[in-house]
Ligand SMILES: Nc1nc2c(ncn2[C@@H]2O[C@H](COP(=O)(O)OP(=O)(O)O)[C@@H](O)[C@H]2O)c(=O)[nH]1
Ligand SMILES: [Mg+2]
């Protein structure tokens, strides 16, 4: 599949504000600063669509993008609030956790979740919590190992294998990507195509 167009729809600060739609949804999850916004920009071929920030923790909403309007493979992309950001109050953290948990438990239009983790590190406790949400809710997902450009090429495969082992996944479910160098998108698009086709 190819992304032909994409536009910002809205941000939801609570589950009540989430979009009610029959369109399939692809959710993008991961800790703050892992590269969610950068990857969305890479995916849609627009460097400015999802605002990226050098300061983590700025995305406090579920931000929705409509992709491929009026062409085949139309879907909603949901950029989920990043977790694991230390410099916010416990009340704010709880609000994000509630929003994430409700969205993942109730949104029946999710066809797949792109679960982003940093290729350089083992998943964090917060990542394990996210994994448990996905597992508990029976949600299909693929792990994207971000910032692959930060590693020598020779280490990329090993790091993906070790992230796969951590989550007890097959290696085909951990895909290395670099939004900086624009590598890895083809494999992600192939997964999205499968996920969208399975829904039809
Ligand atoms: N080297 C490198 N840096 C990246 C990549 N993706 C994101 N970043 C940087 O990581 C920081 C956080 O990225 P952002 O997309 O805002 O993360 P988000 O909080 O998950 O949305 C920014 O400084 C980005 O420039 C990548 O593929 N390679
Ligand atoms: Mg972001």
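The values are calculated or read from the model by the stated rules, or taken from the named source; none is laboratory data. What you are looking at is a predicted structure, and each value in this text was computed from that prediction instead of being measured. All Cβ positions, even for glycine, are placed from backbone atoms using ideal geometry, and neighbour counts span all protein chains on display.
Answer yes if at least one residue in region 147-159 is over 16 Å from the mean Cα position of the chain (by Cα), over 20 Å from residue 42 (Cα atoms) and surrounded by 16 or more Cβ atoms within 10 Å (Cβ to Cβ), and no otherwise.
Within region 147-159 (the criterion being over 16 Å from the mean Cα position of the chain (by Cα), over 20 Å from residue 42 (Cα atoms) and surrounded by 16 or more Cβ atoms within 10 Å (Cβ to Cβ)), the answer is yes, since at least one residue qualifies.
Are any residues in region 27-70 outside any strand (DSSP E or B), within 13 Å of ligand 2 (Cβ to nearest atom), more than 17 Å from residue 149 (Cβ to Cβ) and modelled with pLDDT of 90 or more, and if so, which ones?
Selection gives 40 alone.
Of the numbered conditions (1) modelled with pLDDT of 95 or more; (2) touching a strand residue (DSSP E or B) at 6+ places or on another chain (Cβ under 9 Å); (3) within 21 Å of residue 110 (Cα to Cα), residue 129 satisfies every one except a single condition; which is it?
So the condition that residue 129 fails would be (1).
Quick check, is residue 185 touching a helix residue (DSSP H, G or I) at 6+ places or on another chain (Cβ under 8 Å) and closer than 19 Å to residue 27 by Cα?
yes
Any residue that is over 24 Å from residue 194 (Cα atoms), more than 12 Å from ligand 1 (Cβ to nearest atom), at pLDDT 95 or above and over 15 Å from the mean Cα position of the chain (by Cα) - is there at least one of those in region 71-93?
No, region 71-93 contains no residue that is over 24 Å from residue 194 (Cα atoms), more than 12 Å from ligand 1 (Cβ to nearest atom), at pLDDT 95 or above and over 15 Å from the mean Cα position of the chain (by Cα).
Which count do you get for residues in region 1-26 that are closer than 25 Å to residue 147 by Cβ and either within 10 Å of ligand 2 (Cβ to nearest atom) or free of Cβ contacts under 8 Å to residues at least 24 places away in the same chain (or both)?
0
Within region 107-126, is even one residue in contact with a helix residue (DSSP H, G or I) (Cβ under 6 Å, 6 or more places away or on another chain) and in a helix (DSSP H, G or I)?
No; the residues of region 107-126 include none that is in contact with a helix residue (DSSP H, G or I) (Cβ under 6 Å, 6 or more places away or on another chain) and in a helix (DSSP H, G or I).
So, in region 132-164, of the ones that are touching a strand residue (DSSP E or B) at 6+ places or on another chain (Cβ under 8 Å) and assigned to a loop (DSSP other than H, G, I, E, B), which residue ends up farthest from ligand 1 (Cβ to nearest atom)?
140
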